[in-house]
Amino acid sequence: QVQLVESGGGLVQAGGSLRLSCAASRSIFRFDAMGWYRQAPGKQRELVAGINSGGTTNYADSVKGRFVISRDSAKNTVYLQMNNLTPEDTAVYYCNAFTVVNVEGAKRDYWGQGTQVTVSS
C-alpha cells in the first residue's frame with residue numbers, strides 16, 4: 001500500500017510562515033509528480049504547487065513568490081514552505097502523488113489525509 005503522511009499544519013498569524021511535509025512510503029521517483037492541493041470550505045480543491053520527477057515545479061498564481069515546493073529524495077519527502085501567509089491561505093492542505101499508468105495518459109492518484117492550515121488576521 002502506498003501511503004502519504006502529512007505533517008506541519010497548524011495555526012499561524014498573518015505574515016508568518018509554515019512548513020508542510022509529505023513523507024511517502026516508497027521512493028518519490030516512482031511517482032511521475034507530487035504536489036500540494038488545498039480546499040477551503042465550500043470551494044473546489046485547487047492545485048497549489050507541484051514538482052515532477054525531473055524537478056520541474058509549478059505554482060498557482062496566488063502563491064508565486066511566497067510558497068516553495070522542494071524535495072529530499074533521501075527521506076522520500078516533499079515539502080511546502082509557505083511564507084508571508086494571509087487569511088486567504090486558510091484551507092485544508094492535501095499531499096498528492098500520481099503515476100501515469102498507460103500511454104493515453106491515465107493516472108493513478110494517491111492522497112494524504114489532509115492537514116488544516118489556519119491563518120489569523
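The values are calculated or read from the model by the stated rules, or taken from the named source; none is laboratory data. It should be emphasised that the depicted structure is a prediction, and the values quoted were computed from it without experimental measurement. Please note: Cβ atoms are built from the backbone with ideal geometry, for glycine as well, and neighbour counts cover all protein chains shown. Side chains are part of the model used for accessible areas, which takes the heavy atoms of the whole protein and leaves out ligands, DNA and RNA. Shrake-Rupley method; radii C 1.70, N 1.55, O 1.52, S 1.80 Å.
Residues in segment 1-30 that are at pLDDT below 95, open to solvent by less than 60 Å² (accessible area, probe 1.4 Å) and farther than 15 Å from residue 69 by Cα: 2, 26, 27. Selection of segment 99-118 for residues being in contact (Cβ under 8 Å) with a residue 24 or more places away in the chain and either in a strand (DSSP E or B) or of a type outside the set (Gly, Ala, Ser) (or both) yields 99, 100, 107, 110, 111, 113, 115, 116, 117, 118.
All of 80, 85 fail the test of being surrounded by 14 or more Cβ atoms within 10 Å (Cβ to Cβ) and outside any strand (DSSP E or B), apart from 85.
Selection of segment 57-77 for residues being part of a loop (DSSP other than H, G, I, E, B) and either of a type in the set (A, V, I, L, M, F, W, C) or in contact with a Ser or Thr (Cβ under 9 Å, 6 or more places away or on another chain) (or both) yields 60, 66, 76. Filtered by the rule that a residue be surrounded by fewer than 12 Cβ atoms within 10 Å (Cβ to Cβ) and either more than 15 Å from the chain's Cα centre (by Cα) or among the hydroxyl-bearing types (Ser, Thr, Tyr) (or both), segment 31-60 gives 41, 42, 43, 44, 54, 56.
Return the only residue of 84, 102 being more than 14 Å from the chain's Cα centre (by Cα) and at pLDDT below 95.
Details: 84 fails: at pLDDT below 95.
Result of the check over 84, 102: 102.
In segment 71-94, the residues that are under 22 Å from residue 45 (Cα atoms) form Cβ pairs under 9 Å with partners that are part of a helix (DSSP H, G or I) and among the polar types (S, T, N, Q), at six or more places apart or across chains, as follows: 88/62; 89/62.
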